[in-house]
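The values are calculated or read from the model by the stated rules, or taken from the named source; none is laboratory data. Bear in mind that the values here come from a model prediction, so they are computed numbers and not experimental data. A quick note on method: Cβ atoms are made from the backbone with ideal geometry, for glycine too, and the neighbour counts reach across all protein chains shown. Ligands, DNA and RNA are excluded from the accessible area calculation, which covers all protein heavy atoms including side chains. Shrake-Rupley method; radii C 1.70, N 1.55, O 1.52, S 1.80 Å.
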Amino acid sequence: MKLNLTGLLLLITFMSLAQKKLTVADIYEKELFKEETIKSLNWMNDGQYYTALEENKILRYDVTTGKSDSVIIDGQALNLKIDDYSFTTDESKLLILTDKQKIYRRSFTAVYYIYTFEGKELKKLSSKGRQSYATISPDNKNVAFVRDNNLYFVKLSNISEHQVTTDGKLGSIINGSTDWVYEEELYITKAFFWSPNSEKLAFYRFDETAVKEYNLQYWDNGALYPRDYRYKYPKAGEKNSTVTIKVYNLKDNTTQTVDLGKETDIYIPNIQWTKDSDILAIKRLNRLQNQQDIFHYSTKFKSATNILTDKSKTYIHATYTDEWVYLDNGTHFLMSSEREGYKHFYIHRMDGQLEYKATSGAYNAEKLIALDQRSKTPVLYYTSTENGSTERHVYQVDFKGKGKIQLSTKPGVNTADMSKDFKYYVSYNSSATSPKEVSLIMTKGNKLVKVLKDNAKLKETMAEYGLTEKIMFEIEAADKKLLNAYMIRPANMDSTKKYPLLLYQYSGPGKQRIKNDWYGDKHFMWHQLLAQKGIIVVGIDCRGTGGKSEEFKKMTYMKMGKMEAEDHVAAAKYLGTLPFVDQDRIGIWGWSYGGYISTLALETGPEVFKTGIAVSPFLWKYYDTIYSERYLRRPKDNPEGYNEYSIVRNAGKLRSKYLLIHGTGDDNVHFQNAIALQNELINQGKQFQSFYYPDKDHSLTGTKTKLHLYSMMTNFLFENL
């Protein structure tokens, strides 16, 4: 195995540097290394201004200077804590979100207010209970929202509330929002959509009656009896909710049900109105997630027409290829697809026929930023991996794939937020050597107007603590393919000594942790702390991860875990041959999918790893339908895929020091996963350490929890690595 680390030895510093010592409290309690950015940026209609939320105030900024010239709303003066906000399309009113309370990962309830600029009038949207996902109609006359599994709208003229559905019931029927698995895996929570003329509301209806329940117990910080929380969670191979799409007409209070065929064991990853308020567009995905159909439903004729089908030999990743925009001309739509081996943007006619390939080549068009449709040939702004899989740069190109220009100029990870008239954009850049820089750019000539956030204070703090560079390099996989990696090393390395090394990975399909960015993920600063204490940290994106080709990403299909574990074992073996690495002191750790792979790597490579940590690892058979079946199909279709690389089945091979961590209130990767693994480790006579956080979810949220967690993991590594 060959390591492509050109010049690495020259980058390693063999001298002692004066520096402050990092503590877990510095990172997770004091938040000394938090990046500055712009929160809740909204571009104004005239293109001359944008607004941002800062210190509970909505400030207006002039794009010619990049300076704030007025306070739009002062939350303190209104006695409100503003969590987010949105303007009506005519900017005469403001919808203010306050008191946001989390349900699961993305879902929430809140209290909303309407602020009218004329007369400076503030009104509560509803006094009948908390709301979710309030959305203003295009004509600025109504606001729709969800409460207690039913869909409502409020007429802003008199703040009168109107109920669209009445059959919503906890654990049974959901209208206008989504069930647990759609929220977690398809990223949908708001499941209703205004028609362009504001006369109709299209919405999802979930019947989850047949979905089996999972029971969480909460101890609620010492309650006399634990509290049971039951919710519908479809595990691999089990029944999903039956999902239907409905259209409510505000003018006559009637509701239509969209007919998408006899097969109901399907997913609907997206719906949206076309530019025609009588035509609703719907994506339908089959249960195995390898065929996606686009339907156009006519509300006039109450019929649906299949206008386009996308197929895959493996799977269609609906949340990755989710760009889908109907153009203002009413004759075309844009969509993204991996149909040619990389993710690209395609322009189709309304009948589904392909018209243009806006992007093409051996790279991924990663994210759609904006569409300028003012000219005859519209212009697309997007980010891509054209300059390398660890880079992200901003480009513009017309819909015919011509006139491509790279806008971003700095190396690293770049994205942008375009003004509504496309004359300006806010640029976001970071790299392995520099934290986030936010700049205001004039699009014509790509001219810098002002650096809005330079994180100068953070850079000073970084220097005070002597943070070391995240060195980017490539390492060979078990099959010799090149993998992206980074190394964080102690600043005061002694050339006569060998150092322990910790591998970090997530390894999940299509996910990418190794990029030329500064922070990268929430564990970066903890890795810096370990480096200060003399541990080399190496992060690796194995086969099956994102940023590269579809083939690279999907080669793990039907045998998840196998290649990922092989790659980390092979990487550890090679890293152990480097002159500054102690091959007898190599560890591995990860969270969630990374916890699964760190455990499997310990089991399949016990001769390589001295120790390992797994936070919230999972078993495929206990996980949800959409995720597990996307990559392994159903258990009855692929029993070997579910069993052969199970961390329970391989538990008897564990010989390394092992720390298993889980939250008992994890609604995502259930505590059941940790119990099953622990039972088998005990049955196999394996000694290990475990720790469970009472009532904590998958992210183990909370400052005190984070302080305890990272302190415990640090101590474990110094005792066992």
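So, with a 1.4 angstrom probe, what is the percent of accessible area on the stretch 335-407 that is carbon and sulfur? Working shown, then result.
On the way: 1310 of 2960 Å².
Answer for the stretch 335-407 is 44 percent, counting heavy atoms of protein chains only.
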Task: Cα-based convex hull volume of the stretch 102-261 per residue, rounded to whole Å³ - done: 153 Å³
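Of the DSSP beta bridges with both residues in the chain, give the percent that are antiparallel, rounding to the nearest 5.
Numbers: 150 of 175 bridges.
Bridges in the chain are about 85 percent antiparallel.
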Open item on the list: Just the number please: accessible area per residue for the chain, 1.4 Å probe, all protein chains included, in Å².
Closed with: 41 Å²
Task: For the stretch 503-576 versus the stretch 414-453, the gap between their alpha-carbon centres in whole angstrom - done: 29 Å
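In whole percent, how big is the carbon plus sulfur part of the accessible area of the stretch 33-181, probe 1.4 Å, protein atoms only? Don't jump to the answer; show the numbers that get you there.
On the way: 3130 of 6970 Å².
That fraction is 45 percent.
Under a Cβ-Cβ cut-off of 14 Å, what is the net charge of the residues other than Gln256 that fall near it, where Lys and Arg count +1 and Asp and Glu count -1? Intermediate values should be presented prior to the final figure.
Values: positive: Lys200, Arg205, Lys246, Lys251, Lys300, Lys302; negative: Glu199, Asp252, Asp259, Asp278.
For residues surrounding Gln256, the net value is +2.
Below 8 Å, C-alpha to C-alpha, sequence gap of six or more: please give me the relative contact order for the stretch 398-490 in percent.
Value for the stretch 398-490: 16 percent.
Quickly rank 206-218, 675-687, 431-443 as a protection proxy: mean count of other C-beta atoms within 10 Å, highest first. The partial results should precede the final answer.
Values: 206-218: 16.5, 675-687: 14.9, 431-443: 19.8.
Those peptides, ordered most packed to least, come out 431-443, 206-218, 675-687.
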- [ ] Order the peptides 242-249, 713-720 from the highest to the lowest mean number of other Cβ atoms within 10 Å of their residues.
- [x] 242-249, 713-720
Open item on the list: I need the calculated FRET efficiency for the pair Glu54 and Lys262, taking r as the beta carbon distance and R₀ as 41 Å, to the nearest 0.05.
Closed with: 0.15
Task: Carbon and sulfur %, accessible surface of the stretch 572-642 computed with the full protein complex present, 1.4 Å - done: 45 percent
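Under the rule of -39500 (n - 2.57) per DSSP H run of 4 or more residues, summed and divided by the residues of the chain, what mean residue ellipticity at 222 nm is obtained, to the nearest 500 deg cm²/dmol?
My calculation for the chain gives -4500 deg cm²/dmol from helical runs alone.
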Task: Positive minus negative residues near Glu644 (Lys, Arg vs Asp, Glu; Cβ under 9 Å) - done: +2
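Apply 1/(1 + (r/R0)^6) to the Cβ-Cβ distance of Lys400 and Lys34, taking R0 = 45 Å, and write down the FRET efficiency to the nearest 0.05.
Values: r = 43 Å, r/R0 = 0.96.
Step by step, r from the Cβ atoms, then E = 0.55.
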- [ ] Binning at 5 Å from 0, report for the stretch 547-607 what percent of all alpha-carbon pair distances ends up in each bin.
- [x] 4, 17, 24, 22, 17, 10, 5, 1
TODO: Kindly state, as a whole number, the per residue volume in cubic angstrom of the convex hull around the alpha carbon atoms of the chain.
DONE: 169 Å³
Open item on the list: Pairs of alpha-carbon atoms within less than 8 angstrom and 6+ residues apart define the contacts here; what relative contact order does the chain have, in percent?
Closed with: 10 percent
TODO: Would you mind counting up the charge near Asp220? Only other residues with Cβ under 13 Å from its Cβ, with Lys and Arg at +1 and Asp and Glu at -1.
DONE: 0
Open item on the list: What do you get for the angle between helix 703-720 and the principal long axis of the chain? Use alpha-carbon atoms, 0 to 90 degrees, nearest ten.
Closed with: 30 degrees
Task: For the stretch 376-441: relative contact order, % (alpha-carbon pairs under 8 angstrom, 6 or more apart) - done: 21 percent
Task: Rounded Å value of the spacing that divides the Cα centres of the stretch 370-396 and the stretch 65-109 - done: 29 Å
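For a quick protection proxy, order the peptides 361-370, 153-162 by their average other-Cβ count within 10 Å, most packed first.
Working: 361-370: 18.3, 153-162: 14.6.
Order by mean packing, descending: 361-370, 153-162.
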